[in-house]
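Below: the structure, in structure tokens.
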Amino acid sequence: MAAKPPAGDPIQDAPEVTPPQHAAAGLPAVGHSLRIAHQQMGVRRTALTLLRVNQKDGFDCPGCAWPEPDKRHAAEFCENGAKAVAEEATLRRVTPDFFAAHPVADLATRSGYWLGQQGRLTEPMYLSEGAERYEPVSWDRAFDIIADELTALDSPDEAVFYTSGRTSNEAAFLYQLFAREFGTNNLPDCSNMCHESSGSALTETLGVGKGSVLLEDLYKADLIVVAGQNPGTNHPRMLSALEKAKANGAKIISINPLPEAGLERFKNPQNARGIAGGGTALTDLFLQIRIGGDQALFRLLNKLILETEGATDEEFIREHTHGFEEFAAAARAADWDETLRATGLDRADIDRALRMVLDSKRTIVCWAMGLTQHKHSVPTIREVVNFLLLRGNIGRPGAGVCPVRGHSNVQGDRTMGIFERPAPAFLDALEREFGFAPPREHGFDVVRAIRALRDGQAKVFFAMGGNFVAASPDTEVTEDAMRTARLTVHVSTKLNRSHVVTGARALILPTLGRTERDLQGGGPQFVTVEDSMGMVHASRGRLEPASSHLLSEPAIVCRLARRVLGPESHTPWEEFEKDYARIRDRIAAVIPGFEDFNNRVSDPSGFALPHAPRDSRSFPTATGKANFTAAPIEYPKAPEGRLLLQTLRSHDQYNTTIYGLDDRYRGIKNGRRVVLVHPEDAQELGLADGAYADLVSEWKDGTERRATGFRVIHYPTARGCAASYYPETNVLVPLDATADTSNTPASKSVVVRLEQTTPA
Ligand SMILES: Nc1nc2c(c(=O)[nH]1)N[C@H]1C(S)=C(S)[C@@H](COP(=O)(O)OP(=O)(O)OC[C@H]3O[C@@H](n4cnc5c(=O)[nH]c(N)nc54)[C@H](O)[C@@H]3O)O[C@H]1N2
Ligand SMILES: Nc1nc2c(c(=O)[nH]1)N[C@H]1C(S)=C(S)[C@@H](COP(=O)(O)OP(=O)(O)OC[C@H]3O[C@@H](n4cnc5c(=O)[nH]c(N)nc54)[C@H](O)[C@@H]3O)O[C@H]1N2
Ligand code: SF4
Ligand SMILES: [Mo]
């Protein structure tokens, strides 16, 4: 198995390297984002659009799920938010002429970057069986084609309905309702590849699979631990929150194999100190951990807390928790030597961290993909929970768990029922409200959906957004699996790889983006989203839609449902399409926390969803308490001569959407096929800075996977570790390499060997 850069692509990957930076944002960031925006949408549209991002009467930034502060700046967006908006509000168009000029076989040789650069999709397109090109198709005919394939299935469980995380609450609610009325819980989503490990660990230990802190809590914390997250790139406005927390006296520990510029120092473009001065140093203590060493680190810290007189919150533990004794026994057995091996840290660093932990009365732990995408991610996050429970850091101001979400509405989609393993109470509520019997059997998550396609158990693949084949692991296996489908359908804004690796027949259904006006029979509509901290608010697009042929996501689901389900469905799909307030009425009736939804969402600041551990220190778990847990310590080990590779994001991409070929903070320009290796590891492997190598992943069943032609960059990562960009390296992640319990692909700890080659 080998993956090369696509042939025939005019975009050349030729990495240039300068030293990594030590600070994020500031004026260059704003200048850079405006340049990208101007290229895509011109000066006037740029100004009009960017002024509306995250404003109370504007649209929710499609960039990430970081919450907006209540007092908003006129320019309440960050560099990467501006890029996300420009990507969507671009004036470039992909028309039927484009598809006439480019057979699918040609498009399949293009890079994801090139495909995305072609612009917005404008008309529904159909690839009929055996055809070489997509051709325009009417919406009615498109729904007929889908209905024909769906009704021909032997069982509704042969269909898979994927969701990416930009879909609004309204569209997501309708989509899961449609899938369940059709008869399946096959509702995998990007969360399966993202924060599923957080959801699994938090549901089991705290009873709610979401973060327990609000923005104000960050401002009140004494200590904020940022583990496995690169906010300078992926949640840029989190840096403003960290800056404010520091001004209020907080200390910050960052735990990361890479020294990420944004966590070192922040030059806030929105204040004088950031513009003229040196900015704010954010991190007080940097723990440069080996990949996958976090569980061992938190376990040892827990042991040290237990060994410190008076350091635990005994009353909280007694009143609110379960399983303390068993956990404490495991923690006391934690071993210094093993911890130092697992983490690569030295004793002095851990002692320093302990002092900061003990000095803090209010501690928050924030994390993202560096904690969730390993085989042992669920026990790792459970150990973080143990760490917080020990000192009573759950359910009080300035303290708690803060899994920082990715896609702008990924958390909301879950709340709306996009989940392959829905809770019985949720299904009961659907049944009561809509008068049908929803399927009770669990459906496929992402990895199981790929296996089901591969093995012929799934035949229709429908995606509400996203780029399934590029985002999923084991690219070649996934692409082959997709090709076995009878029909693949993508509701999309932009062209991507998933449109060119298709089933026997394929449809592209173009849809409105966040920035665009959504006019329906009942007048102008808005949608709602939920951010990473459980705040729900409205989002209203204002731009003229990219094409007059676009349908909104709710409209697509409503028309599809009417066509597929016919008169047997008693759901008022037509009414829902006309007036989204009617959808919100039903959400209010089904989902706890949304009572009086239409009324409450008219408050421009939105409203907070209830969170029992945060609000009242009550824990809806099986034991009725917060659960301490005790799992064996695990950490990934690479055999002699091998490295642990993490697959991560550059500064110029949004998941599989590539904005450009630079990774400014890491000092890399004009190329993405790079692998960052510690200079001493590189030396031991005989790889000079600038050498070229293939990355070969070695899986325990003896299979190998290869990605070719990477430039080796000597870089100050932790020893024994390497880093390279996703999605180019997804080919290296075996489909079976997943996290225990959550089944999330373990894309942050891939064992690789580097084979030197000559440059292409
Ligand atoms: N601009 C931009 N914004 C985005 C996205 C984007 O692609 N571009 N994607 C969005 C999405 S969907 C998500 S989920 C988030 C992702 O946000 P992040 O999780 O910040 O994204 P990654 O680039 O995967 O970075 C993982 C970080 O974890 C570190 N890390 C890797 N392995 C380990 C480990 O074992 N332990 C520790 N302690 N650290 C480790 C890496 O060095 C890196 O700093 O961002 C969202 N926001
Ligand atoms: N190796 C490796 N793999 C990973 C990760 C990793 O760190 N390493 N990260 C994982 C994570 S955290 C995630 S979240 C997944 C992401 O997986 P996905 O969410 O499937 O991928 P995206 O790249 O975000 O999807 C981009 C596409 O979404 C479409 N789109 C954009 N906006 C809209 C919209 O408003 N509506 C609709 N209908 N479509 C829209 C566009 O057509 C665009 O091409 O990837 C995962 N895969
Ligand atoms: S932090 Fe995230 S939501 Fe906020 S402006 Fe930046 S990309 Fe958009
Ligand atoms: Mo994500």
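The values are calculated or read from the model by the stated rules, or taken from the named source; none is laboratory data. The structure presented is a predicted model; accordingly, all values stated were derived computationally and were not measured. Note that each Cβ is placed from the backbone with ideal geometry, even for glycine, and that neighbours are counted across all protein chains shown. To get the accessible areas, we keep the full protein, side chains included, count just its heavy atoms, and leave off ligands, DNA and RNA. Shrake-Rupley method; radii C 1.70, N 1.55, O 1.52, S 1.80 Å.
List of remarks:
- Average Cα contact separation per residue, region 514-657, under 8 Å, 6 or more apart, as relative contact order %: 19
- For the chain, the longest piece that avoids every one of the GluC sites (Glu not before Pro) found in DSSP loops with at most 15 other C-beta atoms within 10 Å covers 133-306.
- Around Asp455: net Lys/Arg minus Asp/Glu count, Cβ-Cβ under 12 Å: +2
- Helix-derived mean residue ellipticity, 222 nm - over the chain, DSSP H n ≥ 4, -39500 (n - 2.57), to 500: -10000 deg cm²/dmol
- Centre separation in Å (Cα based) which lies between region 415-493 and region 169-237: 18
- Relative contact order of region 643-757, defined on C-alpha pairs under 8 angstrom at six or more residues apart (%): 37
- Computed on the Cα atoms alone, the convex hull of region 75-123 gives a volume of 74 cubic angstrom per residue.
- Enclosed volume per residue, in Å³, of the convex hull spanned by Cα atoms of region 643-757: 106
- Directionally averaged projected area (convex hull, Cα atoms, the chain), nm²: 29.3
- Extension gain, Glu132-Ala425: 0.36 nm per intervening residue step, less the Cα-Cα distance, totals 100.8 nm.
- Note on Phe419: accessible area approximately 50 square angstrom, rounded to 10, probe 1.4 Å, nucleic acids and ligands left out.
- Antiparallel content of DSSP bridges confined to region 643-757, in %, to 5: 70
- Alpha carbon centroid spacing (whole Å) that separates region 545-610 from region 110-163: 23
- Relative contact order for the chain, counting Cα pairs under 8 Å that sit 6 or more residues apart, in percent: 22
- Summarising the strand pairing of the chain, around 45 percent of its internal DSSP beta bridges are antiparallel.
- Inter-centroid distance (Cα atoms) of region 361-384 relative to region 513-541, Å: 31
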